[in-house]
Amino acid sequence: MTQEERDDKLINDAFQKLITDYQATRHRKKIDLITKAFNFARQAHRGVRRLSGEPYIMHPIAVAQIACSEIGLGSTSICSALLHDVVEDTDYTVEDIENIFGPKIAQIVDGLTKISGGIFGEQASAQAENFKKLLLTMSDDIRVILIKIADRLHNMRTLDSQPANKQYKIAGETLYIYAPLAHRLGLYKIKSELENLSFKFEHPEEYASIQKKLASTQAKRHELFDEFIVPIEVELLKMGITYQIKERIKTPYSIWSKMQNKHVTFEEIYDILAVRIIFTPRNREEEVNECFNIYVAISKIYKSHPDRLRDWLNHPKTNGYQALHVTLMSKQGLWIEVQIRSDRMDEVAEQGLAAHWKYKEGDDEEEYTEDEAELNEWLRTIKEILDDPQPDAMDFLDAIKLNLFASEIFVFTPKGEIKTMPAGCTALDFAFSIHTFLGSHCIGAKVNHKLVPLSHKLQSGDQVEILMSKSQHVQPEWINFVSSAKAKSKIQSILRRENREVQKRGEDLLTAWLQKQNIEPTLAVTDQLAEYHDYHRREEFYQALGEKTVLLGEKDLDELSGKNKKKGDGGGWRKYVPFVKAKKEEEPAPPELFIVPEKFNRKKPIYISEDNYRQYKFATCCHPIPGDDALGYIDNRNQIEIHKRSCPVAAKLKTSYGNRILDAKWDMHKRLFFDATIHISGIDRIGLLNEVTQVISSQMNVNIHKVTITCEDDIFEGTLELRVHDRDDVKAIIDGLKTVPDLKEISQIL
């Protein structure tokens, strides 16, 4: 068989599977249209291959397969998925697509083409613009973003063929934008897979370690599950309920996130197992009542946790999710979460909004109009943020992300109307959610008839009345305690409007001063002075001049004429070097930082060794040390900053400046010392601190730089600042400390 014949068989088999799966759906069968789109795309991409070596057409088929089987979309979406790369990668235009396939498919393909090439390019402003396009197109037709998510899922599944720096960029972008979008649209399975794949490519060793531990504890979990469900099944059969019970295991990414956030080991995570009861209701009207009947029955078998009942039945989440969550005490003394839902609720939970269409009898996807009230409310908030252009792309992305990730609480107005708000929101968030005028003139609130400040955090079930005064104005510190995207966006917008006047005054002062000194007021001169006063952005410098917190004088003239020497007071290059070299008293000379040349190969990893470490900047946000999963970022000066891959700052950089990300590897040989801080807590007793220092100094031969301990009511907490060679040293120290009796919690502080 020739290569061409092998390719044809591969392509035909994949397309045949797509058609078979499509025929099994409830959508109106338009096989001729799908076949026409397939043949058109196949011809357009003929002769082109992906990096993996397979024919390019395999990618559009795979995206269409995900759209059909995993999201539940119909023929319009399947055709659009098959054609999604045609306009971008070939000579065909959107007009050609419209002439052959009609305006609807053309509109979706056009939307997908506008947001191609990852969301982001090289420039932050361009990325923000692309993301705005993505969200605006989404509000015109939700199918655009659903197909885009399918496209991203297939790219993540085939990411092995990409170089490491591309993997970090795509994985970072996926975790920062696409996984939250999938979650917001209720695509739980896809969201989980996107998170896991991102985790696998960014932290391969940790991913493999958790997978191995999950496999080794599988038999024990099965045993616990089987024992737990036996009495439940007996009770459900007695009630005459048609049901299935599933074992739900926490994903490697969510286990790792919990390990990072709570500073615990894999063995200390007790909620890895959850149980899902899915039943077929006798009639649809009674399904909520049946959920509660099952809850009452099983809570007679096992004691339920009084604070862990979550009712998503009467108040579904904004992505449509409905279920009743209860936590029961098993016979082994472990709390186990049980999720009770009908088969319809289960399908909505797995497939999100797409599943709603299946329950609209007689409706076909082609006639679909979005009438989900909450989704429209969400899209309206997004549009409000889009209507107010942010000067900084990162601010814009953060504002959107607040909306994507927020879990929800339910709050009541004085008249008893219910409003869905993000968890952790304050009285001020609530005021802005009702009206911008109310928010900007808010002076306080009454929560459950008690007076509270603006910063008061709301709980589910609170009744909130906002108090306002026309003399009140937006304060800059408000931004620190609001948590909703809408409130943050409105406060920033009002403050920016006020700041523009101050900045204009500062700019005029600077221009007048420079002209007085016979210096031409250029942007280069402004940037030099801004940097001299430690301002990273021109606007901040103008603001300081306008507020008169910076006054221009002789030293500024010296700076412009080059008379000032480099500052050595903890600023500049030294703040990036988080380690010390063997005991030398003299001040080290400033290093020659590596400047990335124009034709630098960004696909190859950079190696950090004892000989070249001073050529790189080490980020103070995450303090990377040898052994950490690290990456390099080429900054605006073409110098390389080293970050941990899990660093929140790096997450934004991967999303916004993907083309500047480099793979960084360590080539260290335990000759340099780095700073590491370990947090300890436990039950106080005589001699405990001595045992701790013995483990570190004598057994590990590690230099202790500083120890801070506080004790209250026989419970102590403390930090140990140490000099270590690498991540292995930190792990060995933590393992050593675990052998000390009465030491209960040990974790590394970033």
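The values are calculated or read from the model by the stated rules, or taken from the named source; none is laboratory data. Computed from a predicted model, the values in this text were never measured in an experiment. Backbone-built Cβ (ideal geometry, glycine too); neighbour counts: all protein chains shown. These accessible areas exclude ligands, DNA and RNA; they are computed on the full protein's heavy atoms, side chains included. Shrake-Rupley method; radii C 1.70, N 1.55, O 1.52, S 1.80 Å.
Looking at THR174 and the list (1) closer than 29 Å to VAL264 by Cβ; (2) out of contact with any Gly (no Cβ under 8 Å at 6 or more places or on another chain); (3) surrounded by fewer than 23 Cβ atoms within 10 Å (Cβ to Cβ), which single condition is not satisfied? Of everything listed in (1) closer than 29 Å to VAL264 by Cβ; (2) out of contact with any Gly (no Cβ under 8 Å at 6 or more places or on another chain); (3) surrounded by fewer than 23 Cβ atoms within 10 Å (Cβ to Cβ), THR174 misses just condition (3).
For residues in the stretch 524-583 being aromatic (Phe, Trp, Tyr) and not in a loop (DSSP other than H, G, I, E, B), which is modelled with the lowest pLDDT?
Out of the qualifying residues, it is TRP573.
Residues in the stretch 708-730 that are open to solvent by 20 Å² or more (accessible area, probe 1.4 Å) and among the aliphatic types (A, V, I, L, M): ILE709, ILE715. Quick one: ALA67 ticks every box in (1) surrounded by fewer than 20 Cβ atoms within 10 Å (Cβ to Cβ); (2) within 23 Å of ILE142 (Cβ to Cβ); (3) among the small types (Gly, Ala, Ser) bar one, so which box is it? Among (1) surrounded by fewer than 20 Cβ atoms within 10 Å (Cβ to Cβ); (2) within 23 Å of ILE142 (Cβ to Cβ); (3) among the small types (Gly, Ala, Ser), the lone unmet condition for ALA67 is (1). Checked across the stretch 681-688, the condition of being part of a helix (DSSP H, G or I) and either in contact with a Leu (Cβ under 9 Å, 6 or more places away or on another chain) or within 24 Å of ASP628 (Cβ to Cβ) (or both) holds for at least one residue.
The residues of the stretch 453-481 that are open to solvent by less than 40 Å² (accessible area, probe 1.4 Å) and in contact with a Gly (Cβ under 7 Å, 6 or more places away or on another chain) amount to a single one, LEU454. Of all the numbered requirements in (1) open to solvent by 70 Å² or more (accessible area, probe 1.4 Å); (2) modelled with pLDDT of 85 or more; (3) of a type in the set (S, T, N, Q), ASN703 misses one, and that requirement is (2). Tell me yes or no: at least one residue of the stretch 646-669 is closer than 21 Å to GLU745 by Cβ, crowded, with 16+ Cβ neighbours inside 10 Å and not acidic (Asp, Glu). Yes, that holds for at least one residue. Does ILE336 satisfy the condition of being farther than 23 Å from PHE410 by Cβ, over 26 Å from the mean Cα position of the chain (by Cα) and either surrounded by 20 or more Cβ atoms within 10 Å (Cβ to Cβ) or at pLDDT 90 or above (or both)? For ILE336, the condition - farther than 23 Å from PHE410 by Cβ, over 26 Å from the mean Cα position of the chain (by Cα) and either surrounded by 20 or more Cβ atoms within 10 Å (Cβ to Cβ) or at pLDDT 90 or above (or both) - is met. In summary, helices (runs of 4 or more DSSP H) completely within the stretch 149-225 and bearing 3 or more residues that are of a type outside the set (D, E, K, R) and under 13 Å from the mean Cα position of the chain (by Cα) occur at 164-173, 179-184, 188-202.
In the stretch 311-335, which residues are without any contact (Cβ under 8 Å) to a residue 24 or more places away in the chain and not in a loop (DSSP other than H, G, I, E, B)? Across the stretch 311-335, the qualifying residues are ASP311, HIS325, THR327.
Kindly indicate the residue of the stretch 236-257 that is among the basic types (Lys, Arg) and not in a helix (DSSP H, G or I) and also most open to solvent (accessible area, probe 1.4 Å) among those meeting that condition.
First, pick out the residues of the stretch 236-257 that are among the basic types (Lys, Arg): 238, 246, 248, 250.
Now narrow it down to the ones that are not in a helix (DSSP H, G or I): 246, 248, 250.
On the way: LYS246: 82, ARG248: 50, LYS250: 37 Å².
In this case the residue turns out to be LYS246.
Residues in the stretch 22-50 that are touching a residue at least 40 places away in the same chain (Cβ under 8 Å), surrounded by 15 or more Cβ atoms within 10 Å (Cβ to Cβ) and either assigned to a helix (DSSP H, G or I) or in contact with a strand residue (DSSP E or B) (Cβ under 8 Å, 6 or more places away or on another chain) (or both): TYR22, LEU33, ILE34, LYS36, ALA37, PHE38, PHE40, ALA41, ALA44, HIS45.
For the stretch 731-748, the candidate set comprises residues that are open to solvent by 20 Å² or more (accessible area, probe 1.4 Å) and in a strand (DSSP E or B); within that set, the residue that is nearest to VAL695 (Cα to Cα) is ILE746. Considering only the stretch 102-114, how many residues are surrounded by fewer than 21 Cβ atoms within 10 Å (Cβ to Cβ) and in contact (Cβ under 8 Å) with a residue 60 or more places away in the chain? Residues that pass the stated criteria total 1. For the stretch 76-111, which positions are farther than 23 Å from ILE11 by Cα and either under 31 Å from the mean Cα position of the chain (by Cα) or outside any loop (DSSP other than H, G, I, E, B) (or both)? Correct list: VAL94, GLU95, ASP96, GLU98, ASN99, PRO103, LYS104, ALA106, GLN107, ILE108, ASP110, GLY111. Considering only residues of the stretch 621-633 that are modelled with pLDDT under 90 and under 23 Å from GLY658 (Cβ atoms), which is most open to solvent (accessible area, probe 1.4 Å)? Residue satisfying both the conditions and the ranking: CYS621. Collect the residues in the stretch 585-616 that are at pLDDT 90 or above, open to solvent by less than 40 Å² (accessible area, probe 1.4 Å) and not in a loop (DSSP other than H, G, I, E, B), keeping them in residue-number order. If the condition is that a residue be at pLDDT 90 or above, open to solvent by less than 40 Å² (accessible area, probe 1.4 Å) and not in a loop (DSSP other than H, G, I, E, B), then ILE606, ILE608, SER609 are the ones that fit.
Scoring ALA128 on the criteria (1) at pLDDT 85 or above; (2) surrounded by 16 or more Cβ atoms within 10 Å (Cβ to Cβ) leaves a single failure, condition (1).
Residues are listed down the side, and each one gets a yes or a no for (1) in contact (Cβ under 8 Å) with a residue 24 or more places away in the chain; (2) over 30 Å from ALA179 (Cα atoms); (3) in a loop (DSSP other than H, G, I, E, B):
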residue: ALA650; (1), (2), (3): yes, no, no
residue: ARG671; (1), (2), (3): yes, yes, yes
residue: PHE674; (1), (2), (3): yes, yes, no
residue: ILE678; (1), (2), (3): yes, yes, no
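When the residues of the stretch 261-281 are filtered to those that are surrounded by 13 or more Cβ atoms within 10 Å (Cβ to Cβ) and over 19 Å from GLN218 (Cα atoms), the one that is modelled with the lowest pLDDT is HIS263.
For the stretch 487-502, the condition holds for no residue, the condition being that it is surrounded by 12 or more Cβ atoms within 10 Å (Cβ to Cβ) and not in a helix (DSSP H, G or I). The residues on offer are GLN459, GLN463, GLN472, and the sole one that is more than 32 Å from the chain's Cα centre (by Cα) and of a type in the set (S, T, N, Q) is GLN472. Comparison of TYR253, TYR243, TYR188 shows that the only residue that is within 30 Å of TYR295 (Cα to Cα) and touching a Gly at 6+ places or on another chain (Cβ under 8 Å) is TYR188. Before we move on, is LYS617 in contact (Cβ under 8 Å) with a residue 12 or more places away in the chain and under 16 Å from TYR168 (Cα atoms)? No: the conditions fail for LYS617.
A single entry from TYR270, TYR253 fulfils the requirement of being touching a strand residue (DSSP E or B) at 6+ places or on another chain (Cβ under 8 Å) and hydroxyl-bearing (Ser, Thr, Tyr): TYR270. Across the stretch 678-699, the qualifying residues are those that are open to solvent by less than 60 Å² (accessible area, probe 1.4 Å) and among the aliphatic types (A, V, I, L, M), and the one among them that is farthest from the chain's Cα centre (by Cα) is LEU688.
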